[in-house]
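The values are calculated or read from the model by the stated rules, or taken from the named source; none is laboratory data. Keep in mind that this is a model prediction, so the values were computed, not measured. Cβ sites come from the backbone with ideal geometry, for glycine too, and all protein chains shown count toward neighbours.
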Amino acid sequence: MNIVSALEQPMAADRHTYSITGGVPLEGSVTASGAKNAVTKQLVAGLLTDQPCVLHGVPRILEVDLVLGMLAELGTQVTWLGEHSVQVHTPEVRETSLSAMYSGVNRIPILMMGPLLHRRGETIVPLPGGCTIGKRPIDFHLEGLRQMGADIAEHPTSVKVHVDDRLTGAHIDLPFPSVGATENLLLAAVRASGTTVISNAAVEPEIVDLILMLQKMGALITINTDRTIMVEGVRELRGVEHTTIADRIEIASFAAAAIATDGCIEVRGARQEHLVTYLNTLRHIGGDFAETKDGLAFWRARSLTATDVETGVHPGFMTDWQQPLTVLLTQASGTSVVHETIYEDRFGYTEQLRAMGASVDLTTRCLGAVACRFHGRDFQHTAKISGTRRLLGADLVIPDLRAGFGYVLAALVADGTSTISGTRYLERGYEQPVAKLAAVGARITTRPV
Ligand code: EPZ
């Protein structure tokens with residue numbers, strides 16, 4: 001989809017539904033795409049300079065088209081140099097504000113505040129809004145920017161930000177290691193006057209990859225072992241050429257598919273260092289992996305058994321790995337516990353799994369090793385999964401991106417045929433999911449809507 005058509009129908013409708021017949025072991029190789037959650041922020045980082053920035057490994061997904069559309073609205077010249085390489089060049093920021101149609105679309109506009117304050121001193125950006133997985137406020141972002149001298153006025157669907165001269169370095173102690181807030185403050189701090197210290201920062205591989213790109217652009221950033229990030233502000237940044245890391249969520253999704261279907265999938269581009277916690281969990285369940293020439297291969301080593309998992313900030317078990325894992329655990333004997341500590345409402349998708357025959361009970365209790373932020377509150381954030389359960393094919397409606405691959409996986413292990421709608425959510429973050437699944441032998445077809 002090109003930028004224009006993505007903008008004409010940002011999230012309007014599915015292009016097609018999927019039909020998946022389960023029970024086939026998936027075998028073969030797929031290539032991991034670039035990480036959505038790295039590249040979208042790196043495109044924003046391009047706004048920090050008036051020189052061209054080239055990114056390689058850019059996945060051709062709707063989310064990328066949306067971000068490029070936003071940038072084009074601000075004055076960025078967007079040039080595709082190859083299938084997965086794009087140049088963004090903003091010699092001049094023509095517009096300081098993004099149009100309201102981006103309100104509630106995604107979380108990228110709020111990351112543009114810092115770069116736009118540096119380029120033009122003011123901006124109005126649309127707010128992301130909540131979504132099916134939780135409220136997702138942006139208070140940490142705004143408080144941090146205020147500490148750096150930004151004058152912020154909040155409106156129902158947008159936020160207006162202004163700075164008199166330059167943003168100024170500050171010591172910001174994040175109440176929680178938020179990925180987005182850390183990225184937002186990094187993008188604000190690199191060209192601020194003085195030094196910014198972000199303590200309790202998130203250090204996900206996607207954030208480190210953003211830091212690597214910024215460092216190539218001339219930024220001075222130090223990551224300490226205690227999750228403190230120190231940024232010494234510089235006046236100007238220069239253009240850059242950078243290759244985005246592979247998508248560790250997509251890799252984990254295909255790994256789960258290999259193990260759940262009792263097949264073997266090599267994911268080219270997968271890197272062990274980005275998956276350490278996930279690989280341990282796969283081993284606990286009965287999966288295994290090996291390094292190949294081009295990536296990692298995943299398979300089932302023995303019959304699957306239950307395990308307990310708590311999602312957490314890096315280097316913990318990612319919340320975005322939780323959905324394929326939960327489906328995988330329906331195929332493991334015994335009772336597993338998955339304690340979700342990042343989002344308060346990320347198990348809604350399990351209702352449709354229960355309809356397929358899965359045994360997934362939700363509770364508001366913290367059944368993990370530690371009480372999390374949701375302790376004593378009315379959030380069903382722990383799942384007890386009992387297996388092994390045979391799943392039956394069903395008509396599934398995807399509620400959000402990561403639940404989407406969970407449903408694909410459920411359909412792959414289920415008896416009979418499932419139809420899946422809401423595929424626009426899945427395709428927002430996974431590049432060519434149908435072609436990749438078909439390449440490893442999935443019986444998947446699409447029907448236009
Ligand atoms: C990023 O979201 C990812 N999104 C998410 O992936 C991912 O699940 C999440 O990080 C955690 O790894 C993108 O990168 C675009 P957070 P983000 O700020 O940055 C609370 C996907 O499917 N919080 O780390 O929004 C918040 O409510 C998506 O690709 C505040 O309370 O996540 C949540 O409970 C889904 N106030 C927790 O912190 C704030 O100001 C973690 O959120 C900010 C966050």
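Among the conditions (1) in contact with a helix residue (DSSP H, G or I) (Cβ under 6 Å, 6 or more places away or on another chain); (2) within 18 Å of LYS293 (Cα to Cα); (3) assigned to a strand (DSSP E or B), HIS242 misses just one, which is (2). Residues that are in contact (Cβ under 8 Å) with a residue 12 or more places away in the chain and surrounded by fewer than 24 Cβ atoms within 10 Å (Cβ to Cβ): does the range 250-258 have at least one? There is no residue in the range 250-258 that is in contact (Cβ under 8 Å) with a residue 12 or more places away in the chain and surrounded by fewer than 24 Cβ atoms within 10 Å (Cβ to Cβ).
Conditions tested, residue by residue: (1) in contact (Cβ under 8 Å) with a residue 40 or more places away in the chain; (2) assigned to a helix (DSSP H, G or I).
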| position | (1), (2) |
| --- | --- |
| MET112 | yes, yes |
| THR123 | no, no |
| LEU142 | no, yes |
| VAL161 | yes, no |
| PHE176 | yes, no |
| LEU185 | yes, yes |
| ILE211 | no, yes |
| LEU214 | yes, yes |
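Tell me which of these GLY104 doesn't satisfy, since it passes every other one: (1) surrounded by fewer than 19 Cβ atoms within 10 Å (Cβ to Cβ); (2) in a strand (DSSP E or B); (3) without any contact (Cβ under 8 Å) to a residue 60 or more places away in the chain. Just one mismatch for GLY104, condition (2).
Restricting attention to the range 125-133, does a residue exist that is assigned by TED's automatic domain parsing to the domain that holds ALA188, of a type in the set (S, T, N, Q) and crowded, with 19+ Cβ neighbours inside 10 Å? No, because not a single residue in the range 125-133 is assigned by TED's automatic domain parsing to the domain that holds ALA188, of a type in the set (S, T, N, Q) and crowded, with 19+ Cβ neighbours inside 10 Å. Among the residues of the range 177-202, those identified as more than 11 Å from the ligand (Cβ to nearest atom) and among the hydrophobic types (A, V, I, L, M, F, W, C) are LEU186, LEU187, ALA188, ALA189, VAL190, ALA192, VAL197, ILE198. Pairs are defined by a Cβ separation below 7 Å, a sequence spacing of at least 6 or placement on different chains, a first member in the range 318-346 that is in the same structural domain as GLU273 (by TED's automatic domain parsing), and a second member that is acidic (Asp, Glu); the pairs so defined are THR319/GLU340; GLN322/GLU340; SER336/ASP308; VAL337/ASP308; HIS339/GLU310; THR341/GLU310; ARG346/GLU340. Would you say GLU310 is within 16 Å of the ligand (Cβ to nearest atom) and in contact with a Gly (Cβ under 6 Å, 6 or more places away or on another chain)? The answer is yes for GLU310.
Just one of the listed residues (ARG402, ARG389, ARG377) is among the basic types (Lys, Arg), surrounded by 24 or more Cβ atoms within 10 Å (Cβ to Cβ) and either within 16 Å of the ligand (Cβ to nearest atom) or outside any strand (DSSP E or B) (or both), and it is ARG402.
Looking across GLY218, GLY239, one residue alone is touching an Asp or Glu at 6+ places or on another chain (Cβ under 8 Å) and of a type outside the set (Ser, Thr, Tyr). It is GLY218.
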